[in-house]
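The values are calculated or read from the model by the stated rules, or taken from the named source; none is laboratory data. What you are looking at is a predicted structure, and each value in this text was computed from that prediction instead of being measured. Don't worry about glycine lacking a Cβ; one is built from the backbone with ideal geometry, like all the others, and counts go over all protein chains shown. These accessible areas exclude ligands, DNA and RNA; they are computed on the full protein's heavy atoms, side chains included. Shrake-Rupley method; radii C 1.70, N 1.55, O 1.52, S 1.80 Å.
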Amino acid sequence: MKVSGKVFKYGDNIDTDVIIPARHLTSADPEHLKAHCMEDLDVTFRDRVKAGDIIVAGKNFGCGSSREHAPVAIKASGISLVIANDFARIFYRNSINVGLPILECPEAVGNISEGDELEADFDTGVITDKTTGKSFCAKAFPEFIKNIMEQGGLVGYTESKVRD
């Protein structure tokens, strides 16, 4: 599976309260959450993001609370992938649970700029910056995580197993 899109680049320690501010947690509806995704960090995000776009960020992305609203908001906004130096562990797990692809690749983070066009291959872990022509290797998803992602998250995956 491959994704491609334009980069939104952010720094270190982007916490879940910045991804989706607590004042907007009155609903778990993805449509409601996407309307407020990243608004305290980037007021233009909601108007600029397009389906398939990619977030690139520094260290400890998704730190803070354990709420799964943050990866839901990101996914609902159309983001196809988040690449970071590393992720807060609970955010990492919540992202898999909701079917939001994430890759850890410090080399890519250090060399990719806001607005670059990227392509990422989940089977190989190769991230290609189509703007600069540079490629980077992240660790590819294990087969079981790819299966969860293909089903849109853990709920979809479980439902598909029950139907089988």
Original post:
What is the number of the single condition among (1) buried (at least 18 other Cβ atoms within 10 Å of the Cβ); (2) farther than 23 Å from P142 by Cα; (3) of a type in the set (D, E) that E68 does not meet?
Top reply: (2)
**OP:** Only one of these is within 30 Å of R23 (Cβ to Cβ) and among the charged types (D, E, K, R): K59, K146, K134. Name it.
**Re:** K59
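With the condition kept exactly as written, say whether any residue in the stretch 2-17 is among the hydrophobic types (A, V, I, L, M, F, W, C), touching a residue at least 40 places away in the same chain (Cβ under 8 Å), closer than 28 Å to K146 by Cα and open to solvent by 40 Å² or more (accessible area, probe 1.4 Å). Can you show your working first?
Filtering the stretch 2-17 for residues among the hydrophobic types (A, V, I, L, M, F, W, C) gives 3, 7-8, 14.
Applying the additional criterion that residues be touching a residue at least 40 places away in the same chain (Cβ under 8 Å) yields 3, 7-8, 14.
Applying the additional criterion that residues be closer than 28 Å to K146 by Cα yields 3, 7-8, 14.
Of the ones still in play, those that are also open to solvent by 40 Å² or more (accessible area, probe 1.4 Å) are none.
No: the stretch 2-17 contains no residue that is among the hydrophobic types (A, V, I, L, M, F, W, C), touching a residue at least 40 places away in the same chain (Cβ under 8 Å), closer than 28 Å to K146 by Cα and open to solvent by 40 Å² or more (accessible area, probe 1.4 Å).
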Original post:
Do we have any residue at all in the stretch 52-64 that's open to solvent by 50 Å² or more (accessible area, probe 1.4 Å), of a type in the set (A, V, I, L, M) and farther than 12 Å from A88 by Cβ?
Top reply: no
Original post:
Take the residues of the stretch 137-164 that are in contact (Cβ under 8 Å) with a residue 24 or more places away in the chain and assigned to a loop (DSSP other than H, G, I, E, B): which is nearest to E107 (Cα to Cα)?
Top reply: A138
**OP:** Name every residue in the stretch 58-90 that is in contact with a Phe, Trp or Tyr (Cβ under 7 Å, 6 or more places away or on another chain), part of a helix (DSSP H, G or I) and of a type in the set (A, V, I, L, M, F, W, C), in order of residue number.
**Re:** A70
Subject >> Extreme residue, surrounded by the fewest Cβ atoms within 10 Å (Cβ to Cβ), among residues of the stretch 34-51 that are part of a helix (DSSP H, G or I) and in contact with a Lys or Arg (Cβ under 9 Å, 6 or more places away or on another chain) >> reply: R48
Subject >> Filtered residue count, the stretch 18-33, keeping only those that are open to solvent by less than 60 Å² (accessible area, probe 1.4 Å), in a loop (DSSP other than H, G, I, E, B), under 27 Å from I148 (Cβ atoms) and not small (G, A, S) >> reply: 2
Original post:
Applying the selection to the stretch 82-131, what residues are crowded, with 17+ Cβ neighbours inside 10 Å, among the small types (G, A, S) and either touching a residue at least 60 places away in the same chain (Cβ under 8 Å) or touching a Gly at 6+ places or on another chain (Cβ under 7 Å) (or both)?
Top reply: A84, A88, G99, A120
**OP:** Of the numbered conditions (1) farther than 20 Å from V7 by Cβ; (2) in contact with a Ser or Thr (Cβ under 7 Å, 6 or more places away or on another chain), H36 fails exactly one; give the number of that condition.
**Re:** (2)
**OP:** Exactly one condition in (1) out of contact with any Gly (no Cβ under 8 Å at 6 or more places or on another chain); (2) modelled with pLDDT under 95 is not met by I148; state its number.
**Re:** (1)
